[in-house]
Amino acid sequence: MSGHSTYEPKTGFERWLDTRLPIIRFASDTIVSFPTPKNLNYWWTFGGILALMLGIQIVSGIILAMHYVPHVDHAFDSVQRIKRDVNFGWLIQGMHANGASMFFLAVYVHMFRNLYYGSYKAPREVLWILGCVIYLLMIGTAFFGYVLPWGQMSFHGAVVITNLIGAIPLVGPAITTWLWGGFAVDNPTLNRFFSLHYLLPFMIAGVVGLHIWALHVPGNNNPTGVNVSSPDDTVPFHPYYTVKDGFAISVFLILYATFVFYLPDALGDAANYIQANPLVTPAHIVPEWYLLPFYAILRAVPNKLMGVILMFGAIATLFVLPWLDTSKVRSMRYRPTIRLYFFLFALDCIILGFCGAHAPDDMVIPGVAGLQLGDANLNSFVWLSRIAALYYFVYFWVINPLMGLTETPLPVPQSISAPVLSHPATTPTGAVASPEKRG
Amino acid sequence: MADTVVGANPDPHVTGDDPDRRDFIHIAAGVAALGLVGGLAWPFIDQMNPAGDTLALASIEFDLSKVEPGQQVVVKWRGKPLFVRNRTPKEIQEAIQGDHADLRDPATDESRHKPGKANWLVLVGTCTHLGCVPTFGGGEYGGWFCPCHGSVYDTSGRIRKGPAPKNLEVPTYAFLSDTKVKIG
Ligand code: HEM
Ligand code: FES
């Protein structure tokens, strides 16, 4: 994709093809000889895991679509039939439903990795933004997918989320009716959501292509955050990272299989085993776990429009992060101060997730009457989510810009190899800089 | 087109900065293409709006004799729940008292029922926050309580507490007889 190619066609057929459609050259340059920093740790294996998960979702999804009926009278039953009667339907449906969770787990690890190692900074801003686009499309896909089984949570989740758009002044209600194709979430809505649920993963696949293209121009970042300065700093992708990624994928699949085979419903909501009933709302509406932090931000604000703005703002913020962070040092290894705020931020996201899962008036510490401040009980989840939502935005909009200007970073190594070679404990006599080049 | 050096361009059509016939054709073709795309965009957008048969199903009739005082019946109308509530004198009294409270979406109780039919309240049963179905009789005003994010409505269906911005909507309806209403 960039730089010069090291591929040499070996057989006659490869030579013939190379002058017509250089597809083997392309594959070789991308996943075989691609020069990759030699110090990547396991946090770098999640890209490969994500690609695999996208593939699994597409394959299992297309099979589900062969048995699924997108009609309000049949959708619920058809999914139950897939689970009970279709041969191996339980397996494929379980892979798909739990696959969505694993997909999000991987994407969150991947995103926090980028935050920590500053991988969104120049020259990787476009790469980062494409990643944010993929994340948005994933949220859309998962939302549409969750509506399809047409359980109580599917239905009322769809009602609540589509009503968010009604908060837009003037045109909001017209847009909501347009989205519904009626006066409420109903059959037309289910039909179009199925169509979009089928479409979006292929759009994701397209953006993933751009994402990898944008990765291969500057190349990978690495845990030190310093640029690759010589060929000694890199190893070819294959076999070094195909094997490392392969190992990580195997471990990840064990976790995934544990859910599919032993805890197939652990991440789902019991209310979704009840067929959708527009006349009764479940006592407690919650989205899937991976969207809880945003739901908490939405509910933190007493005003409908502001809640919606902040919720979308939380995602929009990610897009501008490359320009909010003023520090030239990429890796937080060398930024001890902001590192603390980063860990606090990670904790903050988990707290927001907890808040999203609880009713606003639930007590955070049960049994304690709580700090009554005027009308507000500070021992309630609304208040915890208010504080946590505030920190979410402060971290990006205040701490990130300020920290780059005020902090004193630790000395950054000269090159990727330097910290390894200069460390007395890790340099046994006779060690060479590039063991892979020997023999 | 910017090329004005005399003799530099042998093409006799390119004479200078003045728009000529070729520019005209380019612009006309561009406008026509844009018009076509724009004109086709609307059908492709509008197809998602409620279809003719969906609109045709939009009104229903309801027999009020099924609802005892102090009760509510939930009917499905346009895919949404509709509350038909037969209010007790006490509930009506509380609703009228509420007229003088500090209301978020000010409306008198009188404006929310048909003249002379103070006991009958017909409301769209979706919370004006994000569309959940509020539960009958809940909340400190004895009207409805929305379990989703805690909006509280009074016995007139007016928003009194919580995140919802508006009162429960009153649909267009009319009494066909003393015991029959037509909604929509
Ligand atoms: C980005 C990839 C995808 C994600 C994150 C995703 C996510 C989801 C989720 C969360 C559900 C609800 C499962 C449940 O709770 O029971 C679902 C259902 C479904 N998905 Fe996907 N999906 C993806 C790709 C696809 C594709 C490509 C298809 C192909 C048509 C597809 C077809 C279906 C069908 C038919 C259902 C309904 C059956 C069921 O509920 O299990 N999905 N999807
Ligand atoms: S939907 Fe009723 S309070 Fe949010």
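If you go through the range B:139-158 and pick out every residue that is surrounded by fewer than 24 Cβ atoms within 10 Å (Cβ to Cβ) and touching a residue at least 12 places away in the same chain (Cβ under 8 Å), you end up with 8. For the range A:166-181, the tally of residues that are in contact with a Gly (Cβ under 6 Å, 6 or more places away or on another chain) and either closer than 18 Å to residue A:283 by Cβ or at the interface with chain B (Cβ under 10 Å from one of its Cβ atoms) (or both) stands at 2.
Condition check ((1) within 14 Å of residue A:220 (Cα to Cα); (2) in contact with a strand residue (DSSP E or B) (Cβ under 8 Å, 6 or more places away or on another chain); (3) of a type in the set (A, V, I, L, M); (4) not assigned by TED's automatic domain parsing to the domain that holds residue A:81) across all residues:
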| site | (1), (2), (3), (4) |
| --- | --- |
| A:5 | no, no, no, yes |
| A:9 | no, no, no, yes |
| A:22 | no, no, no, yes |
| A:27 | no, no, yes, yes |
| A:60 | no, no, no, no |
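When residues in the range B:141-170 are screened for being within 13 Å of another protein chain (Cβ to nearest Cβ) and part of a loop (DSSP other than H, G, I, E, B), 12 of them pass. Close contacts from the range A:296-309, counting a first residue that is in the same structural domain as residue A:165 (by TED's automatic domain parsing) and a second that is not hydrophobic (A, V, I, L, M, F, W, C), with Cβ to Cβ under 6 Å and a gap of 6+ residues or different chains, come to none at all. Among the residues making up the range A:126-169, those that are more than 9 Å from ligand 1 (Cβ to nearest atom), touching a residue at least 12 places away in the same chain (Cβ under 8 Å) and not in a helix (DSSP H, G or I) are A:167, A:168, A:169. Just one residue in the set A:183, A:155, A:144 is within 30 Å of residue A:209 (Cβ to Cβ), crowded, with 18+ Cβ neighbours inside 10 Å and either basic (Lys, Arg) or not assigned by TED's automatic domain parsing to the domain that holds residue A:307 (or both); that residue is A:144. For the range B:73-98, the tally of residues that are in contact (Cβ under 8 Å) with a residue 40 or more places away in the chain and small (Gly, Ala, Ser) stands at 2. When A:112, A:103 are screened for being away from chain B (no Cβ under 14 Å) and touching a Cys at 6+ places or on another chain (Cβ under 9 Å), only A:112 passes. Residue B:85 meets each of the listed conditions (1) more than 14 Å from chain A (Cβ to nearest Cβ); (2) of a type in the set (D, E, K, R); (3) surrounded by fewer than 17 Cβ atoms within 10 Å (Cβ to Cβ) apart from (3).
Does the range A:317-331 hold any residues that are in a helix (DSSP H, G or I) and more than 11 Å from residue A:114 (Cβ to Cβ), and which are they? Within the range A:317-331, A:317, A:319, A:320, A:323, A:324 qualify. Within the range B:18-56, the residues that satisfy the criterion of being assigned to a helix (DSSP H, G or I), under 22 Å from residue B:78 (Cβ atoms) and of a type outside the set (A, V, I, L, M, F, W, C) are B:46, B:52, B:53, B:54. Filtered by the rule that a residue be within 20 Å of residue A:222 (Cβ to Cβ), under 24 Å from the mean Cα position of the chain (by Cα) and among the aromatic types (Phe, Trp, Tyr), the range A:232-264 gives A:237, A:241, A:247.
Considering A:271, A:214, A:257, A:283, the condition of being more than 16 Å from ligand 1 (Cβ to nearest atom) and within 20 Å of residue A:161 (Cβ to Cβ) is satisfied by A:283 alone.
Selection of first residues in the range B:99-127 that are within 14 Å of another protein chain (Cβ to nearest Cβ) and of second residues that are within 16 Å of ligand 1 (Cβ to nearest atom) and not charged (D, E, K, R), restricted to Cβ pairs under 9 Å at least 6 apart or on distinct chains, gives an empty result.
A quick yes/no check of all residues on (1) more than 16 Å from ligand 2 (Cβ to nearest atom); (2) at pLDDT 95 or above; (3) under 22 Å from the mean Cα position of the chain (by Cα):
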residue	(1), (2), (3)
A:87	yes, yes, no
A:108	yes, yes, yes
A:115	yes, yes, yes
A:121	yes, yes, yes
A:134	yes, yes, yes
A:139	yes, yes, yes
A:149	yes, yes, no
A:160	no, no, no
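Selection of the range A:67-77 for residues being surrounded by fewer than 19 Cβ atoms within 10 Å (Cβ to Cβ) and part of a helix (DSSP H, G or I) yields only A:77.
Within the range A:281-299, the set of residues being at the interface with chain B (Cβ under 9 Å from one of its Cβ atoms) and among the hydroxyl-bearing types (Ser, Thr, Tyr) comprises A:281 only. Just one of (1) within 14 Å of chain B (Cβ to nearest Cβ); (2) surrounded by fewer than 20 Cβ atoms within 10 Å (Cβ to Cβ) fails for residue A:205. It is (1).
Name the one entry in A:278, A:302 that is over 14 Å from residue A:151 (Cα atoms), within 14 Å of chain B (Cβ to nearest Cβ), in contact with a Pro (Cβ under 8 Å, 6 or more places away or on another chain) and not in a helix (DSSP H, G or I). That would be A:302, the only listed residue that is over 14 Å from residue A:151 (Cα atoms), within 14 Å of chain B (Cβ to nearest Cβ), in contact with a Pro (Cβ under 8 Å, 6 or more places away or on another chain) and not in a helix (DSSP H, G or I).
The values are calculated or read from the model by the stated rules, or taken from the named source; none is laboratory data. If you're wondering where the values come from, they're calculated on a predicted model, not measured in any experiment. Note: ideal-geometry Cβ built from the backbone for every residue, glycine included; neighbour counts use all protein chains shown.
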